[in-house]
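Okay, so here's the structure we're looking at.
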Amino acid sequence: MRDLNVIFEPKSIAVIGATANPQSVTNVTFLRQLIDFGYPGRIYPVNPHADRVLGLKAYARIGDIPEPVDYAVCAVAASSAAQVMRECVAAKVKVVSMFTAGFSEVGEDGARLEREVVEIARRGGVIVLGPNCLGVHCPKSGLTLEGGIARKSGHVGGVSQSGGVAQVMVLSLAEREIYVSKLISLGNAADLNEADYLEYLGHDDDTRIVSAYLEGIRQPDRFLSVAEEVARMKPLVVLKGGKTPAGAGAARLHTGSLAGSHLVWEAVCRQTGMVQVDDLGDLTDTVQAFTYLEPPRGRRLGIIGVGGGFGVLAADECIRAGFSVPEFPPAVKAELQKYTPTAGTGLRNPVDTTPNSYVSPDTLAATVRAVAGWDGIDLVFMAFPTLFGIRMGLQYLIDGFGAVIGAAREAGKPLVIVLSTANFAEGETKSWELQKHCFAQGAPVYFTFRQAARAVARVIGYHERQSPGGTH
């Protein structure tokens, strides 16, 4: 395995193709984001027709820069890429991230040019990212491909063949208070490919969960070996694009990838232990569950619904996802009856805690304590309509869920919270505010039962496969 640390720890960066226009795509995508994100090293715009770019001194060629450059962004036309790569080799650049498109994704002529560029780089000892990519996101080093978030370093590593998908991964995880350790936009992956980066992230001490968006696999045998190794060490959550004929055709035009059958891919996931997800929202939901949820011991579920219908719907989704919902024994029902009025409620599983009067945080906590304390369940779902909480006030929600999370923790059972927003603006706003408080206390939050059930089932499935005697 080549030493990839240099990709994530550059002391200086050159942006080749920066222009005097402050709103150019190159300036906005690279220079401006590096400056705003707080990259601590030196930044050098390269353009023979500009003296300064965004207040920085510009150089006509990379060879004119008075110090060695670790990392260069290439944002010039494909026809100039080979010459730029020769200049980078001569200047002893270590890594070239090629934003430039127009290579193998456009046909054989582009593929020949792509091979030429990579051969020049390899002879000169230069690592190539892409081409047709956005490069790297590594907050620890001040590198970003999406500057719309705070510079926080986290525990999720990422690989994406699409730059746009990589940006969405960064943003959607940050929305859940989850941050990236290192994420690589692969593009065409003409030099290093998905197996190289997955192998690196598998051994990276900063990364506890690995996520990936892949369209095509370049070295199938090696990929299988690496994926299986990584999945044994840490969760590997993968979204595969191009599993339909239309998607495969789009992937070929997008990154020059040859995508494959969904049936083949499902077999690959079973063989390697990768966690397969169906879309980007699914990927974020699953990473959230791995982040905040202690692995449950099994699939027996206790459901608490503030409103009987919410518990019923939760039970349906959870059973479809492979959980069991055992009925509470008399002792648990007797405990619940102490603070849950019989009229208008239910003491089975799911339990409906909604009385006709105020439900206090203490009552919610006592309900969770009684359910989570029973040995017949492995985890608890709390289904709560935000509309009810809004009537009581945001502080009520914060206090109530603080008490609920504490009660589950005391009982030693994982807790999953599902907030029903009813898709109205105030409910969604308050739910996002409440979500942050829950995340701060280590509890995952979802907005639909389906999201929660599917994500948590994947976490359980992963740990079942990794346990002694577990099978892929």
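The numbers here are math on the coordinates, done by the rules we state, and not lab data. Here the structure is a predicted model, which means the values were calculated and not measured. Every residue, glycine among them, receives a Cβ derived from its backbone with ideal geometry; neighbour counts consider all protein chains shown.
Helical runs (DSSP H, four residues minimum) scored at -39500 (n - 2.57) apiece and divided by the length of the chain put the mean residue ellipticity at 222 nm at -13000 deg cm²/dmol. Can you give me the C-alpha center-to-center distance between region 429-472 and region 218-239, rounded to a whole angstrom? A separation of 22 Å, based on Cα centres.
Summarising the amide proton neighbourhood of Ser181: residues at separation of 5 or more, or on other chains, whose placed amide H is nearer than 5 Å comprise Gly154, His155, Val156, Gly157. Taking label points 7 Å from Cα along the Cα-to-Cβ direction, Tyr339 and Asp316 give a separation of 3.0 nm.
One Cα centroid belongs to region 3-37, the other to region 79-135; the line between them spans 17 Å. With a Förster radius of 25 Å applied to the beta-carbon distance between Asp375 and Glu410, the computed FRET efficiency rounds to 0.95.
Computed over the alpha-carbon atoms, the chain gives an Rg to Rh ratio of 1.06, Rh here being the Kirkwood radius from the mean inverse distance.
Between the amide H of Val275 and those of Leu236, Val237, Val238, distances stay under 5 Å, these residues lying 5 or more places away or on another chain, with hydrogens modeled in the peptide plane. Under 17 Å from a label point set 7 Å out along the Cα-to-Cβ vector of Asp36, the amide N atoms of region 170-184 belong to 170-172, 174-175. Per-residue packing, averaged as other Cβ atoms within 10 Å, sorts the ranges 155-161, 371-377 into the order 155-161, 371-377, beginning with the highest. First measure r as the distance between the Cβ atoms of Arg123 and Lys152, then evaluate 1/(1 + (r/R0)^6) with R0 = 45 Å and state the FRET efficiency to the nearest 0.05. In this case the efficiency is close to 0.70.
In nm, what is the difference between 0.36 nm times the number of residues separating Ala331 and Arg2 and their Cα-Cα distance?
Contour length minus the Cα-Cα distance gives 112.4 nm.
Were the residues from Glu175 through Arg348 laid out at 0.36 nm apart, the gain over their Cα-Cα distance would be 58.8 nm. Each label was represented as a point 7 Å from its Cα along the Cα-to-Cβ direction; for Asp221 and His463 these points are 3.7 nm apart. Ordered by the number of other Cβ atoms lying within 10 Å of each residue's own Cβ, fewest first, Glu194, Glu119, Glu199, Glu177 fall into the sequence Glu119, Glu177, Glu199, Glu194.
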